[in-house]
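The structure appears right after this line, and notes come after that.
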Amino acid sequence: DAIRSRRARPELTAPPGMGPAGNNSSGNSGSKNKTKSGAMPWLKGTDIQTYYSKGRRDFTAHNISRTDLQNVDLSGCIFRESKLDKTNLQGSNLSESDFAKASLVETNLRECRLSRSYFHGANLSNADLRKADLSYANFSSANVSGANFCGANLTGARIEKDQLATAKTNWMTIMPSGRRGFF
């Protein structure tokens with residue numbers, strides 16, 4: 001009974017594919033991390049902080065939506081194919097993190113450190129990225145429609161002009177060229 005009870009509570013177990021030291025022991029791409037029903041395992045903010053403090057960095061294919069993770073250090077984490085919709089990450093350090101194919105719809109990333117982060121194929125529609133450090137981030141094939149880049153630092157970022165045309169920018173936005181202003 002105790003084993004069944006523990007298995008029914010995913011917040012007490014390590015993220016799927018994680019070894020005891022937090023290493024990705026299975027070497028899978030994340031698509032195998034979904035449960036048999038196809039639903040993503042749900043993680044609370046406190047769980048993520050606990051796992052991170054124990055050295056775990058891989059949160060591939062997890063549902064972290066509507067979680068409050070303000071002002072935390074989660075640099076170098078892997079959130080591939082995860083769902084972070086409407087999550088509050090304001091002021092957090094997420095530099096060098098991997099958000100490939102993740103859903104970040106209406107996520108609060110205001111004033112976050114996201115330098116050298118990877119957003120290939122991610123959905124950032126209507127995300128709040130005001131005053132975020134996005135220097136050298138990769139937005140190739142990302143959906144940034146409606147995203148707010150006002151005052152953000154995009155120095156050296158890999159983002160196309162047509163992508164930025166669908167987002168909000170202002171004269172304080174530092175463009176990939178290193179200059180302030182609009183495209």
Cα radius of gyration and Dmax for segment 41-183 (Å): 13.9, 43
Note: segment 108-173 at 10 °C, 1.306 mPa s; Kirkwood Rh on alpha carbon pairs; Stokes-Einstein D in µm²/s works out to 143
Listed residue pairs exceeding 22 Å between alpha carbons, taken from K101/K161; K131/K161; K86/K161; K44/K86; K44/K101; K54/K86: K86/K161; K54/K86
Report the gain in length on full extension from H120 to T46: 0.36 nm times residue separation, minus Cα-Cα distance, nm rounded to one decimal. 23.9 nm
Using the Karplus equation 6.51 cos²θ - 1.76 cosθ + 1.60 (θ = phi - 60°), what ³J(HN,Hα) coupling, rounded to whole Hz, does each residue of segment 86-99 give in order, writing x for Gly and Pro? 6, 7, 9, 10, 3, x, 7, 9, 10, 4, 6, 8, 10, 10
Among all the aspartates and glutamates, which ones have a C-alpha under 20 Å from K168's C-alpha, if same-chain residues fewer than 8 places away are not counted? D85, E106, E111, D128, D133, E160
Amide H to amide H under 5 Å from D58: which residues, 5+ apart in sequence or cross-chain, H placed 1.01 Å off N in plane? I78
When ligands, DNA and RNA are left out and all protein chains stay put, how many square angstrom of accessible area per residue does segment 61-131 have with a 1.4 Å probe? 39
For segment 60-104, Rg(Cα) over 2.2 N^0.38 Å is 1.02
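The values are calculated or read from the model by the stated rules, or taken from the named source; none is laboratory data. These numbers were taken from a predicted model, which means no experiment stands behind them. Surface accessibility is based on the protein's heavy atoms, side chains included, excluding ligands, DNA and RNA. Shrake-Rupley method; radii C 1.70, N 1.55, O 1.52, S 1.80 Å.
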